[in-house]
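Working notes, beginning with the structure itself.
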Amino acid sequence: MSQISRKQVKTRSSHQCWGCGKDFPIGSSMERQTEADGGQIWSVYWCDVCMDYLSSMPDRMEDDQYNFGELVQDEEYLKFKKHRESGWLLSDGHMAGHA
Ligand SMILES: [Zn+2]
């Protein structure tokens, strides 16, 4: 499997995030990753939270390590998401007040 492109897009239809499996409505900001494998081409979409999580741990950037919706079973991910939603984490992944 190889990645052809990755691009930040505003979605033109609703998509589920590959990482967390959540539904995102039209107009959401998501990263579209296009993959090719054995003559097939397809795209998967990742939401901001999942992308931030993945980029905060570079050794996990291999997307094909994850099955659909698998991130929500990852305790580290749940912690990350909770911190982010409560404003403890800045968008660059650093803890607020600990820069
Ligand atoms: Zn997600």
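A short reminder: the numbers here are calculations on the coordinates, not readings from a lab. The structure displayed is predicted, hence computed values, not measured ones. Glycine gets a Cβ as well: all are built from the backbone with ideal geometry, and neighbour counts include every protein chain shown.
Overview of results
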quantity	calculated
Quarter of Cα convex hull surface for the range 2-85, i.e. mean projection, nm²	5.6
For GLY19, residues with placed amide H under 5 Å, excluding near neighbours	CYS47, GLY69
Rough spin-label spacing in nm, given labels placed 7 Å along Cα→Cβ, for LEU78 and SER14	2.6
